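What follows is a short report on a single structure.
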Amino acid sequence: MRKIRVGTRGSRLAIWQTDFVINKLLELDDRLEIEKVIIKTTGDKFLDVALSRIGDKGLFIKEIEKELLDGSIDMAVHSMKDMPTRITEGLAIGAVLPRENSKDVLLSRDNRKLAELPVGAAVGTSSLRRKAQLLALRPDLNIVDLRGNIDTRIRRLQNGELDAIVLAAAGVIRLGYEELVAEELEIIPAVGQGAIAVEIRDDDTDIRELVEKLDDRSTRLAIAGERAFLAALEGGCQIPIGCGGSVRDDFLTLEGLVSDLEGKQVFRSRLSGPAAEAEDLGRKLALELVSRGAGAVLEQIRIQEMGDE
């Protein structure tokens, strides 16, 4: 096989994920020649602005996808939660690796749990989904926009700028920060959170045959349901939407959430069914929440967004 070029963002977590994929490929065939190619994305260039103000999920993958389509790289490694629900024409998700913990975790000064934080505590997160759910639990909190890589966010906590921060458990675990976790939060995660995706050109059969050996069926099906839920709601970074799925004995359970921006109207529900019907389950769960009032909240947020432009 030809030399394989793997594209990735340059953050420490992105590099970790890419090295993980490369090592898995080398375990399959240690004769493979693999080169890592670091590509700077739009999302990496505006680290001082909340994602909800500058765009959507594609901010972290567009430049990498261009290199993939041009043939400059042969595959790309992404955090699954950065992938838009509509895959770019000519590309495909060749593999979804086994998922790490998909939860969100709280890191705080003095190791305090969420209920123990002082009134008005400054809690950092760049996610509207996290913000809404935190405010639903603790309306008194001061939610502060927090961008940057994991190391940067933790540094801002440790230097006293914030009382607490919320991060994805998967990244915290992968970079060895587990001892800083004060609490695993019982909030609905982002779609795809905790999973690694390998993106390929859809007509590259050699690469497809190689990477599909890394694919984890249970994770792929769970995320297919989550992504169908998100697509049905036409949501992105600008709307508080979450969905977490798990597969057990070929049975998929999905838990979805839609909220207003302040966590005052929160719609949350759960649905289970055959994992093979993952996408149908995701759509049904979305329709259930819409019928219960989430649709009106989504429309209100979209109107507000248009007014802010």
Volume per residue (Å³) of the convex hull spanned by the alpha carbons of segment 46-205 is 119 Å³
For segment 212-309 the trypsin sites (Lys or Arg not before Pro) that pass both the DSSP coil test and the at-most-14 other-Cβ-within-10 Å test are Lys264
Per DSSP, the loop-located trypsin sites (Lys or Arg not before Pro) within segment 88-137 having at most 14 other beta carbons within 10 Å are Lys113
In this structure, among Lys40/Lys213; Lys40/Lys113; Lys3/Lys103; Lys113/Lys213; Lys3/Lys62, pairs with alpha-carbon gaps over 31 Å are Lys40/Lys113; Lys3/Lys103; Lys113/Lys213
In debye to the nearest 20, the charge dipole size for segment 111-166, taken about the Cα centre with +1 at each Lys and Arg Cβ and -1 at each Asp and Glu Cβ, equals 200 debye
For the chain, averaging the sequence separation of alpha carbon pairs under 8 Å that lie six or more residues apart and dividing by its residue count, the contact order in percent is 20 percent
Farthest towards the positive end of the dipole of segment 217-309, among Ala296, Ser259, Ser272 and with Cβ unit charges of +1 on Lys and Arg and -1 on Asp and Glu, lies the Cα of Ser272
Other residues with Cβ under 11 Å from the Cβ of Gln158 give, with Lys and Arg +1 and Asp and Glu -1, a net charge of +2
In debye to the nearest 20, the charge dipole size for the chain, taken about the Cα centre with +1 at each Lys and Arg Cβ and -1 at each Asp and Glu Cβ, equals 560 debye
The equivalent-ellipsoid semi-axes of segment 217-309, taken as the square roots of five times the Cα gyration tensor eigenvalues and listed largest first in whole Å, are 26, 12, 10
For segment 104-185 the mean separation of alpha carbon contacts under 8 Å (6+ apart) over residue count, i.e. relative contact order in percent, is 51 percent
Output for segment 218-271: GluC sites (Glu not before Pro) sitting in coil per DSSP, at most 12 other Cβ within 10 Å, listed by number, reads Glu234
Out of Asp145, Asp249, Asp74, a Gaussian network model of the chain with alpha-carbon springs under 10 Å gives the largest mean-square fluctuation to Asp249
Taking N as the residue count of the chain, its alpha carbon Rg divided by 2.2 N^0.38 Å gives 0.99
With a ≥ b ≥ c from the Cα gyration tensor eigenvalues, square-rooted, and the rule rounded for a/c under 1.5, otherwise prolate when a/b > b/c and oblate otherwise, segment 104-185 is rounded
Quick calc, segment 217-309, dipole around Cα centre from Cβ unit charges on Lys, Arg (+) and Asp, Glu (-), nearest 20 debye, gives 320 debye
Segment 217-309: relative contact order from alpha carbon pairs under 8 Å, six or more residues apart, as a whole percent, is 29 percent
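Every read-out reported here was derived from the displayed coordinates using simple, explicitly stated rules and does not represent laboratory data. Here the structure is a predicted model, which means the values were calculated and not measured. Counting neighbours? That spans all protein chains shown, and the Cβs are built from the backbone with ideal geometry, glycine included.
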